[in-house]
Amino acid sequence: RKVYGVGSLAFNSKAFPNFTDSRPSSRSTFSNTPTQSLVNTTGIAANAQAAAGGGSAADEKSGCLPGDRVVFAESPSAPGVPIVYRLPEEKAANPDRLNLDRRRLTICPILEGEENLRLLNFQHNSIGRIQHLSSLRRLIFLDLYDNRIEEISGLSTLSSLRVLMLGKNKISKIENLNNLLKLDVLDLHGNQIKELENLNHLSELRVLNLAGNQLTKACNFLGLTSLTELNLRRNKIQYVGELDHLPKLLRLFLSYNDVRSFDSIRCLGGSQSLQELALDGNPFTSEQSYKQIVIDQLTSLRQLDLKKVTDDERRMASIVVRKEEEKKKECTKAEALKERRRVAIQNAEKRWQLDNADQTTVAGYDNGGLSHYTEVENDTLRLYGASALDGLDKNGLVANVSSINHIYFKFIPYDSIVPHFPKLRVRFPALQGLTFAFSSISSLKQLNSLTTIRRLDFLTISPEGNPLTNFSLWKYYLLYRLSHFNVRKINDADVTMTDTIVAEQLFSSLGAATLQHFDVSRLLSILPDTRRKQVLTQCDTLEQKKQVKQSEERRKLLIAAEAKNRPTGTESMNVAALTYATQCRPKSARTASQHAVAQQLIDDIVTSAISRQNKLAALEKVWNSVLRDAVRTAVHDYRCLHTTVDNALSLLHDT
Amino acid sequence: MSSESKDRFSQTPEAYLASHHIVPHLCHALSSLYTLKDSDPKLQPFRYLSDYFARVSAGQHVLHQDYAYISTSPHNRASFVKLLWRTYKSIGNHGDLLTAKEYHALIQLLCADFPFTIVQSSARIILMDDAISDCLMAFQDFLYAFQVQFCFNEFLNACRELYLSLSAEKGNSTPRLEGVESSKFLDGITALLSNNTYHHPSIRVIHRILSKSQKASFYTYLLGIANSDTINSSVGVLPKKSQCLETENKSVKSD
């Protein structure tokens, strides 16, 4: 049987000769403390067991009972309220103790003539209210354990009270203890108390038991300057405060609460007195370095969770705690970086949505914030957001350029990436593959621009954000257009021989059309400069041999020459005509001016041709009559030759 | 064609130039000359011009050109249809059914700025509906619809306006389904043609199509034009629809 901690305190011996008796039945559940040398100088102690007599609960209700022999009667003036009398012999034997436990009392009885009572036991009854105790001015021990009391009241006259046991009742609020300034032990375990209050005047209180209540935080301890033991087990406490203000606090029991971190009990670090602490059953204990943190911070602690704290442990603890702190710092840094990354990528996505959906606003788009992100993961370079492309030009972007063999584009419009293709091969010589996600690739002609990468082993165009993948023939076209790449994988699927053959079947007429529709000059213009010179010289030598005159033959020669002189991995001429001009590139000023000049020239020629034609047509009309008139005049003149000659001569004379 | 009835000598010079679209061709030829003279050192201007017009007459001048150039003359447009047929016959043979958008992408491989509206209108002819854009079509169907839509684009648009105004007169709630009086429609079309110079299919064929029933809906009218062999042969670039996917064994390879 657990003996109450202060049980060894000496009592005013006469009054309670049997208080060291132990009773088998469970009463209050104060913990068993090993220290037994606590001595209270005032010499007053209490025993949870009211020792006198002590029988078990009697079955008879009225009349004389075994144990404390009392007589129950009813007062005529207050019906329903029992009055307790004691026979004078009994009173003389135990004048200051009265044991009324298990008497099935529902109301506090009126105690007739017991003004000298110092110890009163009402355990295991059904009392609902504390009443009729106002005359007991000398009471120092009141036990109301295991009743049905709902409210602390009726104690205002008991200014000498030292021990108040109110465990296992239905009390929901701590109140009305104002006059109990001498209170030494207060037991309120097993109630429904939600808040710690109205205790600050109890400056002599040494033991406070609030186990088994509904407290969520434990502060408001100022004033309890004598408190040495505080039991807060089995509550819902998440926060403890102000305990460093209690200069005498030795033992603190917080088992089975809701303490989650050391921060919730940080005030204990300031306590110089705390020797024993119990925190088992709290979420905090599952943290990795729980013990070390507590030992490190609570320098006076000698026992934690019923285990002794050694000096070695203390030393180790501080080391561990430092390490933990550093790890946490690293963690928060990493967390912050991760968050930045997430926000940037999200912004890039919103930017892409804005551009694509033609909405003026997209929820959550942070116009000022970062809307691109670049990272390197193993050998993949990932770019999010259109502005990330600017980083491709900078030198410091990637530490080890020769290790990158895959570039991943997300939320970047394809047309913005196209101008960078030629640079990619130069900057990342080990590049093997590209992936496009959310790139708004919507047309087959856009695939033509991939030829500027010059070589690729695998390519992925993800269905997300790329309407092109809805077309059933896009892969075949890709294979045809980039046949000189010998791509090995498209969208993570191997390219089979059948695929290549089908691609060739489907689209070879595109290339053939080029060779038919383009004349020599245009064919030459689609070749890159270096190849063009080569092919031209080849062609010239052939021409001289064969003496080609017709341009058709020259064209055939050119085609043959080009086919012969093609290095592996370069595209053939017929495919080279399939280009992609991004819409953003405006027609160069030169072309426009050329066109204007041509137009002007033609217009001039046309105007002059038309005017000449008109003149001719007009001449046609009048020519007949002009000729006729001329002939007629001549014939006429010839007939009258003399007259004509005379006229002519006279004309000559006159002028 | 109105110009066929007139002898070329009885036309004014301007009319002659316009009817044969000579000025645009010349401009185009000259611009190409400018751009190409850097690539080919042996380029001779007059030879180039004669080659150019030889290609124009053979219909081989429309690949990888601007839409503005391709749509200049009926001949250009017809040549483009022929090009389309020749290039993608293999896809038709392969049997894939494609959406309007995919056909548009394929067309844009041949002409980079070809507009989607014409492809969409062609799709509508086949689908008889306001372009559910994901509906699949066979290559032959699309090709013949595209031919009439592209070659007679302005004419067909005018017919559509006429049709809508006629059905509005009648107070039709669903003009597409109910149709209008064929005779009224035909009269309207004749009036259109006499007032404007659209390139249009033969009036006789239109008459024949519309006289098949009393009421004509716009899409049956269009389908009739698309499927008519006579009109097809008058455009002169595609074989009969039943034969369009056959490989050309007998015809000359390079034309």
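Count neighbours as other Cβ atoms within 10 Å of each site's Cβ, and list the GluC sites (Glu not before Pro) in region A:451-547 that are DSSP loop with at most 13 such neighbours. List each step's numbers first, then the result.
Details: sites: A:GLU464, A:GLU504, A:GLU543; in loops: A:GLU464.
Within region A:451-547, the qualifying GluC sites (Glu not before Pro) (loop, at most 13 other Cβ atoms within 10 Å) are A:GLU464.
Using a Förster distance of 22 Å, how high is the FRET efficiency between A:GLU242 and A:HIS201, based on the Cβ-Cβ distance and rounded to 0.05?
Working: r = 16 Å, r/R0 = 0.71.
Computed FRET efficiency for A:GLU242 and A:HIS201 comes out at 0.90.
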Quiz prompt | Additional length obtainable on full extension of the chain from B:LEU136 to B:GLN44, 0.36 nm per residue less Cα span | solution = 28.3 nm
Exercise. Post the alpha-carbon centroid distance, region A:433-449 to region A:412-426, in whole angstrom.
Key: 11
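Averaged over B:61-68, how many beta carbons belonging to a partner chain fall within 10 Å of each residue's beta carbon? Show your work: numbers first, answer last.
Details: counts 3, 2, 8, 9, 1, 1, 0, 0.
That works out to 3 on average.
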Quiz item: For the protein assembly as shown, which whole-number percentage of the solvent-accessible area (1.4 Å probe, protein heavy atoms only) is attributable to carbon and sulfur atoms?
Solution: 53
Quiz prompt | Accessible area (Å², 1.4 Å probe, nearest 10) - B:ASP38 | solution = 100
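Extension gain A:THR530-A:GLU326, at 0.36 nm per residue separation less the Cα-Cα distance, in nm? Don't jump to the answer; show the numbers that get you there.
Working: separation 204, 0.36 × 204 = 73.44 nm, distance 6.08 nm.
Length difference between fully extended and current span is 67.4 nm.
Give me the Kirkwood hydrodynamic radius of chain B in Å, from all C-alpha pairs, to one decimal place?
Details: mean 1/r = 0.0499 Å⁻¹.
Kirkwood hydrodynamic radius for chain B: 20.1 Å.
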Quiz item: Roughly how many Å² of B:LEU223 are accessible to a 1.4 Å probe, to the nearest 10?
Solution: 50
Quiz item: What order, most packed first, do the peptides B:203-209, A:220-226 have when packing is the mean number of other Cβ atoms within 10 Å of each residue?
Solution: A:220-226, B:203-209
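For B:SER71, what charge total do you get from the other residues with a beta carbon under 14 Å from its beta carbon, if Lys and Arg give +1 and Asp and Glu give -1?
Details: positive: B:ARG77; negative: B:ASP66, B:ASP113, B:GLU154.
So the environment of B:SER71 carries a net charge of -2.
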Quiz item: Simple spin-label model, 7 Å along Cα-to-Cβ: A:LEU222 to B:LYS184 in nm?
Solution: 9.7
Quiz item: What's the FRET efficiency of A:SER126 with A:SER172 using the Cβ-Cβ distance as r and R₀ = 22 Å, to the nearest 0.05?
Solution: 0.75
Quiz item: Not counting the cut sites, what is the longest span of chain B without GluC sites (Glu not before Pro) that DSSP labels loop and that have at most 14 other Cβ atoms within 10 Å?
Solution: B:1-245
Quiz item: Short version: which residues of region A:517-534 lose at least 10 Å² of accessible area, all chains versus chain alone, 1.4 Å probe?
Solution: A:HIS517, A:PHE518, A:ASP519, A:SER521, A:ARG522, A:LEU524, A:SER525, A:ARG532
Practice problem: Calculate the spin-label point distance for A:ALA589 paired with A:LYS621, positioning each point 7 Å from the Cα along the beta-carbon direction, and give it in nanometres. | Solution: 4.8
Quiz prompt | Compactness of the protein assembly as shown, expressed as Rg and Dmax over alpha-carbon positions, Å | solution = 54.2, 200
Quiz item: Put +1 on the Cβ of every Lys and Arg and -1 on every Asp and Glu Cβ in region B:46-164; which of B:LEU98, B:LEU83, B:LEU162 then has its Cα farthest towards the positive end of the dipole?
Solution: B:LEU83
Practice problem: Run the 1.4 Å probe and let me know the accessible area of A:HIS642, rounded to the nearest 10 Å². | Solution: 150
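Restrict the search to region A:521-554; then list the trypsin sites (Lys or Arg not before Pro) that DSSP places in a loop and that have at most 14 other Cβ atoms within 10 Å of their Cβ.
Numbers: sites: A:ARG522, A:ARG531, A:ARG532, A:LYS533, A:LYS545, A:LYS546, A:LYS549, A:ARG554; in loops: A:LYS549.
For trypsin sites (Lys or Arg not before Pro) across region A:521-554 that sit outside H, G, I, E and B with at most 14 neighbouring Cβ atoms in 10 Å, the list reads A:LYS549.
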Self-check item: Buried area at the B-A interface (accessible, heavy atoms, 1.4 Å probe, summed, Å²)
Solution: 4000
Self-check item: By average C-beta atoms within 10 angstrom, highest first, the peptides A:616-627, A:411-422
Solution: A:411-422, A:616-627
Self-check item: Computed label-point distance, nm, for sites A:LEU542 and B:TYR198 using a 7 Å Cα→Cβ extension
Solution: 4.9
Quiz item: What angle, in degrees between 0 and 90 and rounded to the nearest 10, separates the Cα long axis of helix B:153-170 from the longest principal axis of the Cα atoms of chain B?
Solution: 10
Practice problem: Consider just the alpha-carbon atoms of region A:398-471 and return their Rg together with their Dmax, both in angstrom. | Solution: 12.2, 39
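Quick one: ranking A:GLU112, A:GLU571 by accessible area, 1.4 Å probe, largest first, what do you get?
On the way: A:GLU112 85, A:GLU571 40 Å².
Descending order: A:GLU112, A:GLU571.
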Exercise. Could you pull the Rg and Dmax for region B:33-89, using just the Cα atoms, both in Å?
Key: 13.0, 37
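Would you work out if region B:78-129 is rounded, prolate or oblate? Take a ≥ b ≥ c from the square roots of the eigenvalues of the alpha-carbon gyration tensor; rounded if a/c is under 1.5, else prolate when a/b is larger than b/c, oblate otherwise. Mind showing how you got there, number by number?
Numbers: a/c = 1.60, a/b = 1.12, b/c = 1.43.
It is oblate, given that a/c is not under 1.5 and a/b is not larger than b/c.
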Quiz item: What does the average come to when, for each residue of peptide A:469-480, you count the partner chain Cβ atoms lying within 10 Å of its Cβ?
Solution: 3
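Return the inverse of the average 1/r over all pairs of distinct C-alpha atoms in region A:567-655, which is the Kirkwood hydrodynamic radius, in Å to one decimal.
On the way: mean 1/r = 0.0484 Å⁻¹.
The Cα-based Kirkwood calculation yields 20.7 Å.
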Quiz prompt | Lys/Arg +1, Asp/Glu -1 at C-beta; region A:135-262 dipole; positive extreme among A:LEU180, A:ASN198, A:ASN147 | solution = A:ASN147
Quiz item: Hey, how many Å between the Cα centroid of region A:456-501 and the Cα centroid of region A:220-260?
Solution: 71
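Sorted from largest to smallest, which semi-axis lengths in Å does the alpha carbon gyration tensor of region B:42-170 give for its equivalent ellipsoid, taking the root of 5 times each eigenvalue? Before the final figure, lay out each step's value.
Working: eigenvalues 185, 79, 24 Å².
The answer is 30, 20, 11 Å, longest axis first.
The values are calculated or read from the model by the stated rules, or taken from the named source; none is laboratory data. Predicted model, so just to flag it, every value in this text is computed and none were measured. With ideal geometry, Cβ positions are generated from the backbone for all residues, glycine too; neighbour counts draw on all protein chains shown. The protein model used for the area step is the full one, side chains on, heavy atoms only, and it has no ligands, DNA or RNA in it. Shrake-Rupley method; radii C 1.70, N 1.55, O 1.52, S 1.80 Å.
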